[in-house]
Structure formats: structure tokens, C-alpha cells
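Here's the structure, in C-alpha cells; my notes come after.
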Amino acid sequence: MNLVNFIDSAIKLIQRGVVDRKSFFRHPVLASTDEQNIFQRIVVMREFDFEKKSIVIFTDSKSQKVGQILNHPECSLLFWDPRKKLQISVQSKSHIEIDSSHYWSKINDRQQKDYTVNPPPKSEIKAHDDYEFSDQNRFTVINLTFKSMDVLQLSDQGHIRATHDFENNSQSWVSP
Ligand SMILES: Cc1cc2nc3c(=O)[nH]c(=O)nc-3n(C[C@H](O)[C@H](O)[C@H](O)COP(=O)(O)O)c2cc1C
């Protein structure tokens, strides 16, 4: 097993998650913190920049994650493919894109409505359907740049694990 190939194929599988709707890597778990607690949620990976090793996700500016990221840009992404028995854990640094217009034009009307819910996400409401779509657009784009990655391949022949540091461009096998 070649270390460079092992890491490269993990990155390519993440990249494929953007275009392949059936890929389990399309829906990573994003973890962020408010300093006291850690919060996790599933997101859709919308774009992957192979050169920069960064991904893009869409969200609502009033969602909890946006406030958390503004105060604490360090985030973690967790990918798991049960068919391939492959886990990839990524440490990343995030920022909110200033100009989201390029992405806004790419999503359809139904998706655009998701970012106009009134009252905003996690507001207490009286009934499950006590919300509406408004003309308030809170569409927000988050960019997450990979700092390091931990790849774990489960196998009956012996588990395989490696790490890659994108900042130093160094990689290593590690014990599983
Ligand atoms: C399959 C799936 C995909 C989701 N994709 C997104 C997404 O791309 N962006 C997003 O903000 N929330 C997405 N959500 C909802 C989030 O998991 C979460 O409930 C919401 O963003 C509020 O999170 P927060 O309050 O921690 O910020 C998705 C949920 C599921 C189940």
C-alpha cells in the first residue's frame, strides 16, 4: 500500500461527493463550537476546490453555526462511507464568504426559499408548522479550508490509518 496513493484516493472520494448524489461523502457532519459546547449537524457539500483543499456549504445567516464560526473558525468535518468502510476526519478553518451572489444564482427557487424562513432557525414556535417563507434572504456561504486529515480504512485484513497535514504538506502512516 502506497501512502501517497492512499491519501490521494481519500481526497478524490471527497471531491466526488460534490457531483455524485449517491456518495455518502456528500453529507459530512460539521462540528463547531461556542467555546463551552460542541455542536454537530449534517450538511451538503456544494463545492470542492482541489487546489485549495476547501469545501463550500450553504446555510442561513441566522443558523447557530454561523455565529459559532464567526467567533471560532476552527471546525471539524466527518465523512463516513459504510460501503467502503472508510472514515475521514478533517480539521479545518472556516470563513463566511462576503459575496454569495455567484452561488445564489446556481440554486433553484425551492432551495432559495429555505433561506427565508420566518421566524429564523431555532426560534421557539407554537406549532410544528408555525412558520412561513418571507422575502428576507439570509442565504450564506461558508468556506472550510482543510488543515489536516485523518483517514481510517477498516479492513478484515488489518485496519489502515494515515494522516495528512495540508499546511506542511506532510503525511504519515499512523497506527489504527
Ligand atoms: C441530509 C441533510 C442535509 C442538510 N444540509 C444542510 C446544509 O447544507 N446546510 C445547512 O445549513 N443545514 C443543513 N441541514 C440541516 C442541519 O443539519 C441543521 O439542522 C441546521 O443547519 C441547523 O444547524 P445549526 O442550528 O447547528 O446551525 C441538513 C440536514 C440534513 C438531515
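What follows is calculated from the coordinates using simple rules that are stated; it is not laboratory data. Model, not experiment: these values are computed from the prediction. Here Cβ is always computed from backbone atoms with ideal geometry, including for glycine, and neighbour counts include all displayed protein chains.
Report the residue, chosen from S155, S94, S32, that carries the largest GNM mean-square fluctuation when the chain is represented by alpha-carbon nodes joined by springs under 10 Å.
Fluctuation is largest for S155.
Taking amide hydrogens as modeled 1.01 Å from N in the peptide plane, which residues meet the under 5 Å criterion relative to S54, leaving out close sequence neighbours?
Long-range HN contacts for S54: D49, F146.
Considering the chain as a Gaussian network with a 10 Å cut-off on Cα pairs, which listed residue, L144, L154, L30, attains the greatest mean-square fluctuation?
L154
How do E51, E74 rank when sorted from fewest to most other Cβ atoms within 10 Å of their own Cβ? Show your work: numbers first, answer last.
Numbers: E51 5, E74 13.
So the ranking, lowest neighbour count to highest, is E51, E74.
For a quick check, take a GNM of the chain with Cα springs below 10 Å and name the residue from I42, I57, I125 with the largest mean-square fluctuation.
I125
Ignoring everything except DSSP H segments at least 4 long, calculate the 222 nm mean residue ellipticity for the chain; use -39,500 (n - 2.57) per segment, divide by total residues, nearest 500. Write down the numbers at each step before the final one.
Numbers: 4 runs with 34 residues, N = 176.
Value at 222 nm, helices only, nearest 500: -5500 deg cm²/dmol.
Which one of P120, F79, N108 has its Cα pushed farthest toward the positive end of the charge dipole of segment 78-132, where Lys and Arg give +1 and Asp and Glu give -1 at the Cβ?
The listed residue farthest towards the positive side: F79.
What net charge is computed for the residues neighbouring V174, neighbours being all others with C-beta under 11 Å from the C-beta of V174, Lys and Arg scored +1, Asp and Glu -1?
On the way: positive: R161; negative: D150.
Net charge in that neighbourhood comes out at 0.
Taking the Cα centre of the chain as the origin, how large is its charge dipole in debye, to the nearest 20, when only Lys and Arg (+1) and Asp and Glu (-1) carry charge on their Cβ atoms?
On the way: 23 positive and 23 negative charges, 113 e Å.
For the chain, the charge dipole is close to 540 debye.
Give me the Kirkwood hydrodynamic radius of the chain, using the inverse of the mean 1/r over all pairs of distinct Cα atoms, in Å to one decimal.
17.6 Å
How far is helix 3-19 tilted off the main Cα axis of the chain, in degrees rounded to 10, range 0 to 90?
20 degrees
How large is the dipole of segment 58-131 about the Cα centre if only Lys and Arg carry +1 and Asp and Glu carry -1, each at its Cβ, rounded to the nearest 20 debye? Each step should come with its number before you reach the end.
Numbers: 11 positive and 10 negative charges, 74 e Å.
It works out to roughly 360 debye.
Using θ = phi - 60° and the Karplus relation 6.51 cos²θ - 1.76 cosθ + 1.60, list the HN-Hα couplings for segment 167-176 in order, rounded to whole Hz, with x at every Gly or Pro.
Result, ordered by residue: 6, 9, 6, 10, 9, 7, 6, 10, 6, x Hz.
Taking the Cβ of D20 as the center, what net charge do the other residues with Cβ under 12 Å away carry, scoring Lys and Arg +1 and Asp and Glu -1? Show your work: numbers first, answer last.
Values: positive: K12, R16, R21, K22, R26; negative: D81.
Charge balance in the 12 Å sphere: +4.
Select from I42, N5, V151 the residue farthest towards the positive end of the dipole of the chain; place +1 on Cβ of Lys and Arg, -1 on Cβ of Asp and Glu, and compute about the Cα centre.
N5
As a footprinting exposure proxy, order D109, D8 by other Cβ within 10 Å, with the fewest listed first. Write down the numbers at each step before the final one.
On the way: D109 6, D8 13.
Fewest to most other Cβ atoms nearby, the residues stand as D109, D8.
Scan around E74 for amide H atoms under 5 Å from its own, H built in the peptide plane at 1.01 Å from N, and keep only partners 5 or more places away or cross-chain.
S94
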